[in-house]
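Have a look at the structure below before the remarks.
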Amino acid sequence: MMIPFNRPYLSGKEKEYLTKSIELGKTSGNGYFTRKCHTFFKQHYGFNHCFLTTSCTDALEMASILIDCGPDDEIIVPSYTFTSTANPFVMRGAKVVFADSSANHPNVDAKQLKKLITPKTKAIVVVHYAGMSCDMDAIMHLADQHGLYVIEDAAQAIDSFFKGRPLGGIGHLGAFSFHETKNIISGEGGMLVVNDERFKQRAEVIWEKGTNRAAFFRGEVDKYNWVDIGSSFLPSEITAAFLFAQLENLTSIQDKRKKIWQQYYKTLLPLSRQGYFNFVEPESYATCNGHLFALVCRSLAERDRLLTYLKQHGIYAVFHYQSLHQSPFYRGKHDGRGLPNADRFSDCLIRLPLFFELTDNEYNYITEMIGEFYD
Ligand SMILES: *Cc1c(COP(=O)(O)O)cnc(C)c1O
């Protein structure tokens, strides 16, 4: 028996909608299915200004352009995250100031952010790791006090909430991913959510390669022009059609993933109580969207032994995120501060297989093998 780390889930409607998008005769972006996806997000989460993109990375690049990020700016970014959280700001010449994780959660430690703020700070980028919210009250309050933008990297955070508010809808801007490894997928894909009205009009222009084409099609201008910078951020209708088939099944996908997450938690709780590992679990103000289930082992050596043991038994668990401040690309540019919590999650965290089609048999086998390892 071989259990993969991820098995992309298909709702069954994808092919039908792909065919429909082709039959509609418009496969470029911002058509029928793109609008259907935007409407879905508006109805479900109150996201008034959505822009499907080709990836979350692209959505964050749009955010970077929108805040006029440049060489004079400093952007506070967690170190324990994927490169895409930082790249869009570095690409525009900004200095990235890395923030450490909390001691008990990979999310950024909101209490440690204040001392990273300088007169050059322009924005704080937060990642809701595992789809579990950061302390958004503290972060929004701090940003308010210092006149900073907050950008939510909500790549993992679809259908998850902070005190009842949907993640991605709290900061000035929010970015989602529909990459094949996320809960809702379109192969590659993403979305920018504009929460601050000031960005709405310009976001549309940047999305349309720097033109006012959208305003032209609405009849607001009599010809369309190059009016700003922009890029090819729009996904094709083919991508949007695939995505819509997934969105229609969001509730069942989420229910299943959350159920698996709870099952892991319950079954592994005794081992956790014995001190073998800790869980990555949501704070009281946050929900869990079943994006990923992670254990934090006691040491790097033990984590690697567990990974190897599981692999020998046909289970593909993985670790991830080498702290960005230690990366070959950025360590020379980092200011030298140690970020011990981020490093500890790099060394000790392990993600277990979690996907829609994980069967009870597979699941039972995984937890049994973990128990056997600690025996
Ligand atoms: C997956 C992920 C991204 C990148 O998403 P893409 O859609 O592949 O660009 C960025 N940030 C985080 C935290 C992610 O998990």
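The values are calculated or read from the model by the stated rules, or taken from the named source; none is laboratory data. Not measured: the values here are computed from a predicted model. Positions of Cβ are generated from backbone atoms using ideal geometry, with glycine treated the same way; all protein chains shown enter the neighbour counts. Quick note on the areas: whole protein, heavy atoms, side chains included, nothing else; ligands and nucleic acids left out. Shrake-Rupley method; radii C 1.70, N 1.55, O 1.52, S 1.80 Å.
Descriptive notes on the structure:
- Within segment 216-243, the set of residues being within 15 Å of the ligand (Cβ to nearest atom), part of a loop (DSSP other than H, G, I, E, B) and open to solvent by 50 Å² or more (accessible area, probe 1.4 Å) comprises 231 only.
- Matching option when the condition is acidic (Asp, Glu), over 19 Å from residue 179 (Cα atoms) and touching a helix residue (DSSP H, G or I) at 6+ places or on another chain (Cβ under 7 Å), among 228, 222: 228
- Residue match in segment 135-148 (condition: open to solvent by less than 30 Å² (accessible area, probe 1.4 Å) and within 14 Å of the ligand (Cβ to nearest atom)): no
Residues are listed down the side, and each one gets a yes or a no for (1) modelled with pLDDT under 95; (2) in contact with a helix residue (DSSP H, G or I) (Cβ under 7 Å, 6 or more places away or on another chain); (3) part of a helix (DSSP H, G or I):
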| residue | (1), (2), (3) |
| --- | --- |
| 71 | no, no, no |
| 77 | no, yes, no |
| 81 | no, yes, no |
| 84 | no, yes, yes |
| 93 | no, no, no |
| 97 | no, yes, no |
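- Among residues of segment 61-99 being over 20 Å from the mean Cα position of the chain (by Cα) and under 15 Å from residue 199 (Cα atoms), the one that is nearest to the ligand (Cβ to nearest atom) is 69.
- Of the residues making up segment 156-215, those that are open to solvent by 10 Å² or more (accessible area, probe 1.4 Å) and on the phi > 0 side of the Ramachandran plot number 5.
- Extreme residue, farthest from the chain's Cα centre (by Cα), among residues of segment 244-261 that are within 21 Å of residue 26 (Cβ to Cβ) and open to solvent by less than 70 Å² (accessible area, probe 1.4 Å): 245
- Among (1) over 30 Å from residue 134 (Cβ atoms); (2) open to solvent by 50 Å² or more (accessible area, probe 1.4 Å) - the single one residue 30 does not satisfy: (2)
- Test for residue 95: is it surrounded by fewer than 22 Cβ atoms within 10 Å (Cβ to Cβ), more than 23 Å from residue 348 (Cβ to Cβ) and not aromatic (Phe, Trp, Tyr): yes
- Residues satisfying the stated conditions in segment 20-59, i.e. within 19 Å of residue 251 (Cβ to Cβ), in a helix (DSSP H, G or I) and of a type in the set (A, V, I, L, M, F, W, C): 37, 40, 41
- Candidate set: segment 153-176, residues that are within 16 Å of residue 45 (Cα to Cα) and near the ligand (Cβ under 10 Å from one of its atoms); chosen: the one nearest to the chain's Cα centre (by Cα): 155
Yes/no per residue for (1) more than 23 Å from the chain's Cα centre (by Cα); (2) among the aliphatic types (A, V, I, L, M); (3) closer than 16 Å to residue 104 by Cα:
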residue	(1), (2), (3)
278	no, no, yes
284	no, no, yes
291	no, no, no
310	yes, yes, no
344	no, no, yes
365	yes, no, no
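- Checking 109, 58 one by one, the residue that is open to solvent by less than 40 Å² (accessible area, probe 1.4 Å), within 14 Å of the ligand (Cβ to nearest atom) and either in contact (Cβ under 8 Å) with a residue 40 or more places away in the chain or acidic (Asp, Glu) (or both) is 58 and no other.
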